[in-house]
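All remarks here apply to the structure that follows.
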Amino acid sequence: MKFFKKRFQIFTYFLVALLMVFASSQIVQAATQGLWPNSTSPSDIVVANSGGNETGQFIAQASDGDYIITYALTGRAYAQKFSATDGSALATWNGGFPAIAGNVIPSAIVADAGGGAYIAMNVNLGGGNCDVLVQRMDATGTPQFGVGGINVTTGSGCEAYMDMLPDGTGGFYIVWGNGGYMAPKLIGSRFRVKKNRC
């Protein structure tokens, strides 16, 4: 009798543990429920669907609460702003205005203080040379630094593999490697914007 009682207790403990795992998984699912276009009928949104290879995607939350996605397609960097409320693309950004033409791939994005963002890109100049270019998009999706963006690197060789952080005042910190992958030198800098230039 004691044997069966002990086995029943073990089974009960196992069943309780199983129910707790199930309940916790339901809590996690509830906490991560989709919200677009609404929580009643959530679904994913299509960020880009050109039929080509959209790569190098990065995302940042803008200072106005919406979010901006940048990605590469056929040698161009694109950016599109989406509503945080329902996930809809903001029409003023024209479906992803090219941030810069040329052989570029977005590598980082940070929000500015005005609802836009800075987008850092690698540009391949050929012959083992590459630079880091930055373009600023304002809240309406208009490029602020002109075609080509601004070259923030000053060295030679392949300068790439960067990362960025906002500095809290509307500018940004940026770090990159000099020498390509597994770069022998890392370089960092801070930029502030003055009349549409860094």
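What is the spin-label model distance, in nm, from Asp167 to Ser50 if the labels are put 7 Å beyond Cα along the C-beta direction?
3.2
Can you tell me which of 44-56, 133-145 comes out highest on packing, and rank the rest after it, using the mean Cβ neighbours within 10 Å?
The packing order, highest mean first, is 133-145, 44-56.
Considering amide H positions built from the backbone, and no H for Pro or chain starts, which residues 5 or more places from Gly56, or on another chain, come under 5 Å of its amide H?
Ala72
Under a plain spin-label model, where a point goes 7 Å from the Cα along Cα-to-Cβ, how far apart in nm are Asn103 and Ser189?
With each label placed 7 Å out from Cα toward Cβ, I get 2.2 nm.
What nm distance separates the two modelled labels at Thr74 and Thr142, each placed 7 Å from Cα along Cα→Cβ?
Label at Thr74, label at Thr142, 2.7 nm between them.
Expressed as a whole percent, how much of the Cα-Cα distance distribution for segment 55-191 exceeds 23 Å?
28
What's the FRET efficiency of Ala91 with Asn124 using the Cβ-Cβ distance as r and R₀ = 30 Å, to the nearest 0.05?
0.40
Taking amide hydrogens as modeled 1.01 Å from N in the peptide plane, which residues meet the under 5 Å criterion relative to Asn103, leaving out close sequence neighbours?
For Asn103, the qualifying residues are Asn124.
We did not get these values from a lab; they are worked out from the coordinates using the rules stated. This is a predicted model, so every value here is computed, not measured. Positions of Cβ are generated from backbone atoms using ideal geometry, with glycine treated the same way; all protein chains shown enter the neighbour counts.
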